[in-house]
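Participant: My questions all concern the structure below.
Coordinate-derived values only; no laboratory data. As the structure is a prediction and not an experimental result, all values here were calculated from the model. Using ideal geometry, Cβ is built from the backbone for each residue, glycine included, and neighbour counts are taken over all protein chains shown.
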Amino acid sequence: MPPRTDRVHPSTRRGQHTADGRPAGEFRIVGLFTSTVYSRSVRSIPYLRRKEAAVLARAGFAAQSHSGKALANVLDGYPRDELFQIDEDTLFQFALAILQLEERPRVRVLARRDRFDRGRACKEVLCRRRAGL
């Protein structure tokens, strides 16, 4: 999970790998995202595509079913910054909660703890019919 951080990240150097060739450390994306990250489909960004595939597979909906397409739409409309930071388990729970709002419209607040316990990320979800939009 690429978290936001205020730490300076040293550049990768030779020798920062385990004996079997795997990188030693963690995966970080340093810098700002380009505007295309916010406008492209989740399926066109490899890191997010893998997260989306994991959530869709775990949900068990057929890809071409109404529920499968609706869940894919929920994930495609999810805020990009949040998609990069949220873990797959929490994303699965939140995506299904948002999907259920179509059946039973109401206001919902979805909150998760920051991975490094620096705060909370909250997402308020309003159903269009309920909010009068």
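Participant: Let me see the P(r) profile for the range 35-131: every Cα-Cα distance counted, bins of 10 Å, each bin given as a percent of all pairs.
Facilitator: 15, 47, 34, 4
Participant: Simple spin-label model, 7 Å along Cα-to-Cβ: Leu96 to Arg22 in nm?
Facilitator: Placing both labels 7 Å beyond Cα along the Cβ direction yields 2.8 nm.
Participant: Could you run the Karplus curve 6.51 cos²θ - 1.76 cosθ + 1.60 with θ = phi - 60° over the range 91-102 and give me ³J(HN,Hα) per residue in whole Hz, x for Gly and Pro?
Facilitator: For the range 91-102, the Karplus-derived couplings read 4, 4, 4, 5, 5, 5, 5, 5, 4, 5, 5, 5 Hz, x marking Gly and Pro.
Participant: How many nm separate the modelled label positions at Val107 and Asn73, each set 7 Å beyond the Cα in the direction of the Cβ?
Facilitator: 2.4
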